[in-house]
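*Asks:* Could you have a look at this structure, given as structure tokens, before my questions?
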There are 2 protein chains.
Amino acid sequence: MIWEAWPADGTLMGELQMAQAERVKGGRGGAPGSTGRPRSEEAHQAILDATLDLLVEVGFSSLTVEGVAQRAGVGKATIYRRWPSKLPLVVEAFGRLPGFEEVDSGRLETDLKETLKTYLANFNATSLGAVFPSLAGERAHNPELSKLLEPVARGRREPFVRIFERARERGEISEDVDIDLAADLVVGPISVMLFFRGGTLSPKMVGPIVDLALSGILKKG
Amino acid sequence: MIWEAWPADGTLMGELQMAQAERVKGGRGGAPGSTGRPRSEEAHQAILDATLDLLVEVGFSSLTVEGVAQRAGVGKATIYRRWPSKLPLVVEAFGRLPGFEEVDSGRLETDLKETLKTYLANFNATSLGAVFPSLAGERAHNPELSKLLEPVARGRREPFVRIFERARERGEISEDVDIDLAADLVVGPISVMLFFRGGTLSPKMVGPIVDLALSGILKKG
DNA sequence: TCATTACGATACTATACGTTCCGTTATCAA
DNA sequence: TTGATAACGGAACGTATAGTATCGTAATGA
């Protein structure tokens, strides 16, 4: 998810198909025999940090590349040397956030409720969760962005899928439950409440939602 | 949801707290004794139509007010005379879409599946559904927009709430099922699949999702 | 007929993305 | 040590677009 070089063809988002050279600490991106000053790893990290800071402070639509550059103490060119445009920068910065902690208590219900609570606490404290719908809404008319978002979305789903897989291994749920569907059944209601209804969501709401979602999934007895 | 006049204070979104004069066909917005040329109802409708057209064609982030004005055959000032900024225009245009048809078959499962299928057909055909997350993502840092979106979100939820209410009246589900939660349990998974996962969603997926969501809600037997 | 207000058109201001150039600096190779 | 190379921060620039202001004109009520 880190770009080292791209064709300067000027096509909007067209640069995203560039080769994604593997990054080495303080290394450079060009051909093996190239020389010159290496890219600064500190600058790279400062840019990502500044992006997240500003996303929290002013939100996605008010975030400017100029602002990120100032906050990070770098020139704008240094940003555009690494990311072809503002969108991939935001996607990468956002994608680096863990967002929540996966709980492994040995019981499906507890795992889900506690994991969702850490997610909610993070969301309510930073409003960073709202970045994702902002980006996701652009997907339909921007296939390249869609590709970028895929691993980010997957990363946010995976902990819940793993929780259900462990539950299946323990025999808490039937073998024939579709785990992907089950994960969406739990995450979906929370997401629509957060994004599409108003206000913040109290952690107290997590209990009833998970209970209702699980009532058709858990084995009886 | 139609603005007739607002204080020209220049504050971003601050104008939304203006009085919302009731609209009469071809009427004007000012005080009762005011004279002058009335606002054109044709222009108003043409602007909203052009906005929806362009939302489908180019998407939310590429939609320009200039483009709307040209498509509608009006001047930019005519748009800004009615809406304080681009965002409320998009919200209103989007809010006018029914989006889906509420089915009343006398059976909960059928109502949900058929209603969701019309929703999906519309979404897949126009990509217009993606406009909502684009807007919703801005909510956290824009309270005025949040207020605007509330009735739109409510309008999209209400058909599903009504479907569940009818089911309760028929005795298909227990009296103590929380209907708001139940609605989110069905709409939530579909929404996250559409917005946060890639690609389009096949109507075939509606069946299993609804079945799983209902498995914990429906009365047995 | 006159005052008033909306009309389309156009010029304008301000902001922000993304590019390009500058002199400087860090690294590698000869 | 010296030279080639490429990234650095900074700043100027071109383009696009939101929103404002102003033009002469058109529609309505008094």
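The values are calculated or read from the model by the stated rules, or taken from the named source; none is laboratory data. Here the structure is a predicted model, which means the values were calculated and not measured. FYI the Cβ positions are ideal-geometry reconstructions off the backbone, even for glycines, and counts take in every protein chain you see. Side chains are part of the model used for accessible areas, which takes the heavy atoms of the whole protein and leaves out ligands, DNA and RNA. Shrake-Rupley method; radii C 1.70, N 1.55, O 1.52, S 1.80 Å.
*Asks:* How much accessible area does A:I209 have with a 1.4 Å probe, in Å² rounded to the nearest 10?
*Replies:* That residue has around 10 Å² of solvent-accessible surface.
*Asks:* Anything losing 40 Å² or more of accessible area from the isolated chain to the full protein assembly: pick those residues out of segment A:160-200, probe 1.4 Å, ligands and DNA/RNA ignored.
*Replies:* A:L181, A:D184, A:L185, A:P189, A:V192, A:F195, A:F196, A:R197
*Asks:* Quickly work out the A:S61-to-B:V56 label distance, labels modelled 7 Å from Cα along the C-beta direction, and quote it in nm with one decimal.
*Replies:* According to this spin-label approximation, the distance is 2.4 nm.
*Asks:* Rounded to the nearest 100 Å², what's the accessible area chains B and A bury against each other, both chains counted, probe 1.4 Å? Display every interim value, and only then the final one.
*Replies:* On the way: alone 11960 and 11980 Å², together 20480 Å².
Buried: approximately 3500 Å² between A and B.
*Asks:* Gap in Å between the Cα centre of segment B:176-193 and the Cα centre of segment B:66-107?
*Replies:* Rounded to whole Å, the Cα centres lie 27 Å apart.
*Asks:* Still on this structure, please answer the following. Mind giving me the FRET efficiency for A:S215 and B:E41? R0 is 51 Å, r the Cβ-Cβ distance, nearest 0.05 is fine. Each step should come with its number before you reach the end.
*Replies:* Values: r = 51 Å, r/R0 = 1.01.
Efficiency, from the Cβ-Cβ distance: 0.50.
*Asks:* Pop a pseudo-label 7 angstrom from the Cα along the beta-carbon direction at both B:D176 and B:R154 and give the gap in nm to one decimal.
*Replies:* Computed distance between label sites B:D176 and B:R154 equals 3.0 nm.
*Asks:* Also: Given a cut-off of 25 Å, name the pairs among B:K86/B:K204; A:K220/B:K219; A:K86/A:K147; A:K220/B:K220; A:K117/B:K220 whose C-alpha atoms lie farther apart than that in the structure shown.
*Replies:* Values: B:K86/B:K204 37 Å; A:K220/B:K219 15 Å; A:K86/A:K147 15 Å; A:K220/B:K220 14 Å; A:K117/B:K220 32 Å.
Distance filter (> 25 Å) returns B:K86/B:K204; A:K117/B:K220.
*Asks:* Filter the trypsin sites (Lys or Arg not before Pro) in segment A:149-221 down to the DSSP loop ones having no more than 10 other Cβ atoms within 10 Å, then list what survives. Numbers along the way, then the final one.
*Replies:* On the way: sites: A:R154, A:R156, A:R157, A:R162, A:R166, A:R168, A:R170, A:R197, A:K204, A:K219, A:K220; in loops: A:R170, A:R197, A:K219, A:K220.
The qualifying sites are A:K219, A:K220.
*Asks:* Roughly what would the spin-label model give for B:K76 and A:K147, points 7 Å off Cα along C-beta, in nm?
*Replies:* Rounded to a tenth, the inter-label distance reads 3.5 nm.
*Asks:* Could you state the accessible area per residue of segment B:108-214 in Å², with a 1.4 Å probe and every protein chain left in place? All intermediate terms of the calculation are to be shown ahead of the outcome.
*Replies:* On the way: 3930 Å² over 107 residues.
I get 37 Å² per residue for this part.
*Asks:* What does the charge count near B:V210 come to, summing +1 for each Lys or Arg and -1 for each Asp or Glu among other residues with Cβ under 9 Å from its Cβ?
*Replies:* Details: positive: B:K113; negative: B:E109, B:D211.
Its environment carries a net charge of -1.
*Asks:* What are the residues whose amide H is under 5 Å from the amide H of B:G137, where those residues sit 5 or more places off or on another chain and H is modelled from the backbone?
*Replies:* Under 5 Å from the amide H of B:G137 lie the amide H atoms of A:S134, each far enough along the sequence or on another chain.
*Asks:* Accessible area of A:L54, 1.4 Å probe, to the nearest 10 Å²?
*Replies:* Approximately 20 Å² of A:L54 is accessible to the 1.4 Å probe.
*Asks:* Summing +1 for each Lys or Arg and -1 for each Asp or Glu, what net charge is found among the other residues whose Cβ lies under 14 Å from the Cβ of B:L55?
*Replies:* On the way: positive: B:R71, B:K86, B:R96; negative: A:E138, B:D49, B:D53, B:E57, B:E92.
Net local charge, B:L55 excluded: -2.
*Asks:* Stick to the Cα atoms of segment B:95-221, pair each with every other, and give me the Kirkwood hydrodynamic radius in Å at one decimal.
*Replies:* Numbers: mean 1/r = 0.0649 Å⁻¹.
Taking the inverse mean of 1/r over all distinct Cα pairs, segment B:95-221 comes out at 15.4 Å.
*Asks:* Add +1 for every Lys or Arg and -1 for every Asp or Glu among the other residues with Cβ under 13 Å from the Cβ of B:V103, and state the total. Mind dumping the intermediate values first?
*Replies:* Values: positive: B:R107, B:K113, B:K117, B:R162, B:R166; negative: B:E101, B:E102, B:D104, B:E109, B:D111, B:E114.
Net of charged neighbours comes to -1.
*Asks:* Quote the accessible area belonging to B:T110 in square angstrom, nearest 10, computed with a 1.4 Å probe and with ligands, DNA and RNA left uncounted.
*Replies:* Surface accessible to solvent at B:T110 totals approximately 40 Å².
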